[in-house]
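The values are calculated or read from the model by the stated rules, or taken from the named source; none is laboratory data. Keep in mind the model is a prediction, meaning the values are calculated, not measured. Cβ placement follows ideal geometry from the backbone for every residue including glycine, while neighbour counts extend to all protein chains displayed.
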Amino acid sequence: MITRRFVLKGIAATFAGTIGSAGYASAVEAGMDLRITRYRVAPSRWPAGLRLKLAVLADLHACEPWMPAGRIRHIAQVATALQPDAILLLGDYAGSGRFVTEQVPAEDWSQALAALQAPLGVHAILGNHDWWQDLAAQERGRGPVLGAIALENRGISVHQNRALRLVKGGQAFWLLGLDDQLALLPARRWGRNRFQGMDDLQGTLAQVTDDAPIILMAHEPDIFPRVPPDVALTLSGHTHGGQVRMFGYSPVVPSRFGNRYAYGHVVERTDSADEESERHLVVSGGLGCSISPVRFGVPPEIVQIEISRREA
């Protein structure tokens, strides 16, 4: 079976053989220029007059030498300079993988992220790596997770199955954050034979108390088929766009849906004849790398999303 690890290791071997050559710049994009990817989203149920601008950061995977604290601070400065209404962090701050020379402590990457500023705040969820690399949380089978503590200590709100009502210009919307869907690793010593998620979609939706529009943060996009149409927009990371992407196709995607939710803006309807059943998903290609420091065809990106009512 061809796995994501197999593909990335193969490309990493190419990377190792091309350092110093002209081909390296075009083939390996893990440390290359930062891209701003912009989307305009117009959900069918979005209220008139509410225009929202979001900056989204996903999958930093802090580590030396690929994603040091200094680079994270630069990313935070660029995101803040976009002047979004809110900044959303979609998890996987902790980094590991081949060619990593040193871990970046949570105290350091969270301090770098403290440079983020937005009028409606900076809001975060956790990713699978944030859970996986906290062995004490794995043993307990529950939080708190070190990454969440570090972020909260820097004044960044971490939403774990939590709904928050925000207001811009007198108009409200809900921001929901799910906990991770792959949080607990399978391990005999911890009495688990499969991955266990800490996410609670229904419990989080139940916290919504009015008809203001809903934005959902969920690290893995695999939750999307279960998201109801009254959620205007779902935001995810995790896939890194496959980390290798050619002609709009990623050979291997860490999702049971393959390329369906690999990258970009996805629009689906639960009923093809009913516009009100339309659901929007944006999957970020992320900023860092896992397994191997390789990106091909999907450079590191900050996602900027503008949400407004669809024009008639």
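Assorted remarks:
- Residue match in the range 140-154 (condition: of a type outside the set (Ser, Thr, Tyr), in a loop (DSSP other than H, G, I, E, B), within 24 Å of Ile302 (Cβ to Cβ) and out of contact with any helix residue (DSSP H, G or I) (no Cβ under 9 Å at 6 or more places or on another chain)): no
Residues are listed down the side, and each one gets a yes or a no for (1) modelled with pLDDT under 95; (2) in a helix (DSSP H, G or I); (3) surrounded by fewer than 24 Cβ atoms within 10 Å (Cβ to Cβ); (4) not aromatic (Phe, Trp, Tyr):
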{"position": "Gln207", "(1), (2), (3), (4)": "no, no, yes, yes"}
{"position": "Asp210", "(1), (2), (3), (4)": "no, no, yes, yes"}
{"position": "Ile215", "(1), (2), (3), (4)": "no, no, no, yes"}
{"position": "Phe224", "(1), (2), (3), (4)": "no, yes, yes, no"}
{"position": "Pro229", "(1), (2), (3), (4)": "yes, no, yes, yes"}
{"position": "Leu233", "(1), (2), (3), (4)": "no, no, no, yes"}
{"position": "His238", "(1), (2), (3), (4)": "no, no, no, yes"}
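- Of all the residues in the range 36-63, those that are within 19 Å of Leu89 (Cα to Cα) and buried (at least 16 other Cβ atoms within 10 Å of the Cβ) number 15.
- Restricting the range 161-189 to residues that are of a type in the set (D, E, K, R) and surrounded by fewer than 22 Cβ atoms within 10 Å (Cβ to Cβ) leaves a set whose member that is nearest to Gln138 (Cα to Cα) is Arg189.
- Test: residue in the range 3-18 that is of a type in the set (D, E, K, R), crowded, with 19+ Cβ neighbours inside 10 Å and modelled with pLDDT under 55: yes
- Summed over the range 74-103, the residues that are crowded, with 17+ Cβ neighbours inside 10 Å, under 19 Å from the mean Cα position of the chain (by Cα) and either among the aromatic types (Phe, Trp, Tyr) or assigned to a loop (DSSP other than H, G, I, E, B) (or both) give a count of 7.
- Restricting attention to the range 252-305, the residues that are of a type outside the set (S, T, N, Q) and assigned to a loop (DSSP other than H, G, I, E, B) add up to 22.
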